[in-house]
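To start, the structure under review is shown below, and the notes come after it.
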Amino acid sequence: MENREDLKSMLPFLPLLLRSSNLFWPSQVVELLKTLSKGPFYSKVDTGELLFNAISNIRDSLALPSLHRLSPFAHEGYALFFDELISREEAAKWFADVVPTLAKLLLRLPSLLESHYQNADNLRNGVKTGFRLLGPQEAGVVFLGQELIGSLLVCAFFCLFPVSDRDDKRLPTINFDHLFEDIYSSYSEKQENKIKCIIHYFERICLSMPEGSVSFERKVLPLEQLPLCVFYPKADFWIKSVVSLCTLEVHSSGFIEDQSSGALEVDFSNKYLGGGALHRGCVQEEIRFMINPELIAGMLFLPCMEDNEAIEIVGAERFSNYTGYASSFRFSGDHVDERDVDSFRRRRTRIVAIDALCNAGMEQYKLEYLLRETNKAFCGFLDQSKCDHKRLFQDGGLKGSQCIQAGKDDDVMVKDFPMDEAPSTSVEIALNGEESVNQVIRYSDKKGSWCEDPEAKIGIATGNWGCGAFGGDPELKSIIQWLAASQALRPSVLYHTFGLKSLQNLNQLSRWILLHGWTVGDLWYMLVEYSSQRFNKETNLGFFAWLLPSLYAHEAP
């Protein structure tokens with residue numbers, strides 16, 4: 001174990017010790033957890049205040065340095081929630097049944113991690129899947145069992161993760177002290193209900209521990225030239241594309257997470273995965289992390305995303321129902337996730353986190369920012385473990401024996417190689433190392449890939465990404481996502497407008513464009529032309545009205 005690079009990368013961020021190939025808790029921690037596991041009659045922990053005292057004792061036994069001090073009002077937050085905000089019946093059940101089971105789960109954390117590392121190298125064809133820090137520009141995948149994820153989230157609830165090195169590695173918050181502090185320092189019903197979702201998750205796994213797994217993948221479009229790969233496209237890549245636009249299905253109501261077509265669901269992410277989930281945030285990303293709490297585990301080891309990166313998470317189970325949004329968000333009870341599982345025991349819930357420009361204002365109409373947003377979505381939407389390269393290259397207007405490479409100039413660079421040896425994607429090369437090209441090539445025939453359903457036609461389920469608080473133009477963002485999904489060879493986009501008035505003509509516009517046989521390059525050209533005029537104040541129309549004035553003729557004065 002001492003020689004495992006993946007474990008070495010995580011040890012500074014875990015509360016465990018390693019000696020003689022064994023992970024373990026300090027002996028004082030073991031005794032405290034054993035006491036807690038025997039229930040309130042033995043531990044005397046039967047209130048929120050006493051629970052926080054027990055947490056503090058465990059933290060003291062870990063000898064965490066002064067930099068690891070908790071938020072000033074975390075103590076009051078735990079006391080407020082468990083002693084005042086939930087019923088006495090719920091509190092009694094929590095302290096009698098849930099807290100002891102959580103303590104037992106923490107006691108198992110070392111053995112769960114050891115078992116994970118023993119099996120991590122044998123999941124599929126030598127692909128590294130071990131629990132490790134997946135840093136910037138490091139494409140790769142981590143598979144975690146749901147029981148291991150549960151134990152890691154209990155660590156977060158008990159605020160046991162070291163934090164001193166997290167800022168240096170650009171990692172998001174992971175301990176729950178801010179979540180509880182915020183309910184005391186600035187109480188809101190939404191914050192109370194966020195915590196109720198988390199508490200409900202712990203109640204569920206204590207009743208019946210799920211036995212599946214969840215994969216976390218950092219996806220990268222390399223910025224530098226690599227052999228046999230598609231890397232970060234320049235503007236000419238998009239304007240020269242002759243890939244056909246995919247279908248666009250517009251929904252004015254409903255939610256992304258409720259779609260039943262198996263589509264890849266877009267998380268309107270902060271560049272720090274999870275955004276304000278463990279603080280006061282309560283919009284699209286934060287809500288998703290509350291109803292699918294296993295997503296929070298990714299915040300432990302996935303640093304913030306750069307412009308050419310996305311994060312895809314497959315298998316996170318949903319545990320809660322909810323109503324409302326932002327300040328009106330409310331937990332509304334248990335959710336039984338009935339999505340089936342793949343051969344890796346992952347639920348067929350595919351979520352991709354992509355972060356949009358924040359408060360770009362008029363800058364979002366500049367070419368460099370249009371390119372950034374389109375490439376960000378393209379990185380997220382491109383299936384990194386399989387790619388129909390024949391169609392990608394042929395539809396792209398290139399000969400079947402050529403690989404698209406966006407080089408250092410603006411032009412698309414082309415490199416010849418036999419079609420039957422074409423790689424699936426650049427990310428597979430980055431994931432396995434350049435020396436593993438032969439292994440990557442084998443993925444192109446869909447054999448041995450860790451991605452399930454190689455022949456499945458998986459669309460994109462999305463909505464107003466980067467709009468709202470981030471200030472994005474909804475018309476612009478809808479078209480950008482359509483372009484990216486089409487270039488990634490996705491068969492369809494399920495677009496949820498959430499009733500936004502500015503997108504009421506999106507369905508008519510997309511039908512007109514598809515009827516006229518536009519390609520990705522055609523639509524990109526028009527988007528660039530419009531954006532240039534908008535930035536230079538030559539028009540103040542929205543893109544839809546600028547492109548098809550007839551759609552808005554009835555609105556003229």
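Evaluating TYR325 against the criteria (1) open to solvent by 60 Å² or more (accessible area, probe 1.4 Å); (2) touching a residue at least 12 places away in the same chain (Cβ under 8 Å); (3) more than 21 Å from PHE498 (Cα to Cα) leaves one unmet condition, (3). Going residue by residue through the stretch 299-308, is there one that turns out to be more than 20 Å from ALA139 (Cα to Cα), touching a residue at least 24 places away in the same chain (Cβ under 8 Å) and crowded, with 23+ Cβ neighbours inside 10 Å? The answer is no; no qualifying residue exists. Can you go through LEU223, LEU248, LEU273 and tell me which one is outside any strand (DSSP E or B) and more than 26 Å from LEU152 (Cα to Cα)? So the residue among LEU223, LEU248, LEU273 that is outside any strand (DSSP E or B) and more than 26 Å from LEU152 (Cα to Cα) is LEU223. Scanning the stretch 469-485 for residues that are more than 17 Å from ALA353 (Cα to Cα) and part of a helix (DSSP H, G or I) returns PRO474, GLU475, LEU476, ILE479, LEU483.
Would you pick out the residues in the stretch 19-33 that are modelled with pLDDT of 95 or more and of a type outside the set (S, T, N, Q)? The answer is LEU23, PHE24, TRP25, PRO26, VAL29, VAL30, GLU31, LEU32, LEU33. With respect to the numbered conditions (1) closer than 30 Å to SER111 by Cβ; (2) touching a Gly at 6+ places or on another chain (Cβ under 6 Å), which one is the sole condition not fulfilled by ALA79? Among (1) closer than 30 Å to SER111 by Cβ; (2) touching a Gly at 6+ places or on another chain (Cβ under 6 Å), ALA79 violates only (1).
Here is a yes/no grid of residues against (1) under 19 Å from LEU483 (Cα atoms); (2) buried (at least 23 other Cβ atoms within 10 Å of the Cβ):
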site: SER332; (1), (2): no, no
site: GLU338; (1), (2): no, no
site: VAL341; (1), (2): no, no
site: ARG347; (1), (2): no, yes
site: ALA360; (1), (2): no, no
site: TYR365; (1), (2): yes, no
site: THR374; (1), (2): yes, yes
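Candidates are the residues of the stretch 290-324 that are touching a Lys or Arg at 6+ places or on another chain (Cβ under 7 Å) and assigned to a strand (DSSP E or B); the one that is nearest to GLY145 (Cα to Cα) is VAL314. The set of residues in the stretch 269-291 being in contact with a strand residue (DSSP E or B) (Cβ under 9 Å, 6 or more places away or on another chain) and either under 17 Å from SER328 (Cα atoms) or open to solvent by 10 Å² or more (accessible area, probe 1.4 Å) (or both) consists of ASN270, LYS271, TYR272, GLY275, VAL283, GLN284, GLU285, ILE287, ARG288, PHE289, MET290, ILE291. On inspection, ARG204 fails the criterion of being in a strand (DSSP E or B), over 17 Å from ILE460 (Cα atoms) and of a type in the set (Lys, Arg).
Within the stretch 138-146, is there a residue that is in a loop (DSSP other than H, G, I, E, B), on the phi > 0 side of the Ramachandran plot and surrounded by fewer than 21 Cβ atoms within 10 Å (Cβ to Cβ)? Give the steps one after another, and end with the answer.
At the first step, the residues of the stretch 138-146 found to be in a loop (DSSP other than H, G, I, E, B) are 138-139.
Checking which are on the phi > 0 side of the Ramachandran plot leaves us with none.
The answer is no, given that none of the residues of the stretch 138-146 is in a loop (DSSP other than H, G, I, E, B), on the phi > 0 side of the Ramachandran plot and surrounded by fewer than 21 Cβ atoms within 10 Å (Cβ to Cβ).
Only a single criterion out of (1) crowded, with 22+ Cβ neighbours inside 10 Å; (2) modelled with pLDDT of 90 or more is not satisfied by TRP512, namely (1).
With respect to the conditions (1) modelled with pLDDT of 95 or more; (2) not in a helix (DSSP H, G or I), ILE58 lacks only one, and its number is (2). You will find that of LEU489, LEU509, the residue that is in contact (Cβ under 8 Å) with a residue 60 or more places away in the chain and not small (Gly, Ala, Ser) is LEU489 and no other.
The one condition from (1) open to solvent by less than 60 Å² (accessible area, probe 1.4 Å); (2) over 15 Å from the mean Cα position of the chain (by Cα); (3) within 30 Å of LYS128 (Cα to Cα); (4) not β-branched (Val, Ile, Thr) that PHE381 does not meet is (2).
Residues in the stretch 18-38 that are surrounded by fewer than 18 Cβ atoms within 10 Å (Cβ to Cβ) and either under 29 Å from GLY77 (Cβ atoms) or among the β-branched types (Val, Ile, Thr) (or both): PRO26, GLN28, VAL30, GLU31, LYS34, THR35, LYS38.
LYS8 passes every criterion in (1) farther than 20 Å from ALA297 by Cα; (2) surrounded by fewer than 16 Cβ atoms within 10 Å (Cβ to Cβ) apart from (1).
Matching residues to (1) surrounded by fewer than 21 Cβ atoms within 10 Å (Cβ to Cβ); (2) out of contact with any helix residue (DSSP H, G or I) (no Cβ under 9 Å at 6 or more places or on another chain); (3) in contact (Cβ under 8 Å) with a residue 24 or more places away in the chain; (4) not in a strand (DSSP E or B):
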{"position": "PHE82", "(1), (2), (3), (4)": "no, no, yes, yes"}
{"position": "ARG108", "(1), (2), (3), (4)": "yes, no, yes, yes"}
{"position": "PRO136", "(1), (2), (3), (4)": "yes, yes, yes, yes"}
{"position": "ILE149", "(1), (2), (3), (4)": "no, no, yes, yes"}
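Screening the stretch 208-264 for residues that are surrounded by fewer than 22 Cβ atoms within 10 Å (Cβ to Cβ) and among the β-branched types (Val, Ile, Thr) and picking the one that is nearest to PHE319 (Cα to Cα) gives VAL250. Scanning the stretch 454-509 for residues that are surrounded by 20 or more Cβ atoms within 10 Å (Cβ to Cβ) and of a type in the set (D, E, K, R) gives ASP473, GLU475, LYS477, ARG490. Cβ-Cβ contacts under 7 Å between residues 6 or more apart (or on different chains), taken from a first residue in the stretch 46-74 that is under 30 Å from ARG88 (Cβ atoms) and among the β-branched types (Val, Ile, Thr) to a second residue that is outside any helix (DSSP H, G or I) and open to solvent by less than 60 Å² (accessible area, probe 1.4 Å), are listed as ILE55/PHE158; ILE55/CYS159; ILE58/PHE158; ILE58/LEU160.
Among the residues of the stretch 327-339, is there at least one that is part of a strand (DSSP E or B), closer than 27 Å to LYS194 by Cα, more than 17 Å from the chain's Cα centre (by Cα) and of a type in the set (A, V, I, L, M, F, W, C)? Looking for residues that are part of a strand (DSSP E or B), closer than 27 Å to LYS194 by Cα, more than 17 Å from the chain's Cα centre (by Cα) and of a type in the set (A, V, I, L, M, F, W, C), one finds at least one in the stretch 327-339, hence yes.
Take the conditions (1) outside any loop (DSSP other than H, G, I, E, B); (2) open to solvent by less than 60 Å² (accessible area, probe 1.4 Å); (3) not aromatic (Phe, Trp, Tyr); LYS93 misses just one of them, which is (2).
Just a yes or no: is a residue in the stretch 122-130 open to solvent by 10 Å² or more (accessible area, probe 1.4 Å), in a helix (DSSP H, G or I), more than 26 Å from GLN191 (Cβ to Cβ) and not charged (D, E, K, R)?
Start the filter on the stretch 122-130 by keeping residues that are open to solvent by 10 Å² or more (accessible area, probe 1.4 Å), which leaves 122-126, 128.
Subsequent filtering for residues that are in a helix (DSSP H, G or I) retains 122.
Those left that are additionally more than 26 Å from GLN191 (Cβ to Cβ): 122.
When the remaining residues are screened for being not charged (D, E, K, R), the result is 122.
Within the stretch 122-130, one or more residues are open to solvent by 10 Å² or more (accessible area, probe 1.4 Å), in a helix (DSSP H, G or I), more than 26 Å from GLN191 (Cβ to Cβ) and not charged (D, E, K, R).
For the stretch 42-51, does any single residue satisfy the condition of being over 33 Å from the mean Cα position of the chain (by Cα), modelled with pLDDT under 95 and within 29 Å of ARG166 (Cα to Cα)?
Within the stretch 42-51, the first condition is being over 33 Å from the mean Cα position of the chain (by Cα), and the residues that meet it are 42-47, 49-50.
The next check asks that each one be modelled with pLDDT under 95; those that pass are none.
No, the stretch 42-51 contains no residue that is over 33 Å from the mean Cα position of the chain (by Cα), modelled with pLDDT under 95 and within 29 Å of ARG166 (Cα to Cα).
The single condition from (1) in a helix (DSSP H, G or I); (2) modelled with pLDDT of 95 or more that SER502 fails is (2).
The values are calculated or read from the model by the stated rules, or taken from the named source; none is laboratory data. Keep in mind it's a predicted model, so treat the numbers as computed, not measured. For neighbour counting, all protein chains shown are included, and Cβ atoms are generated from backbone atoms with ideal geometry for every residue, glycine included. For the accessible areas, the whole protein counts, side chains as well, though only heavy atoms, and no ligand, DNA or RNA atoms are used. Shrake-Rupley method; radii C 1.70, N 1.55, O 1.52, S 1.80 Å.
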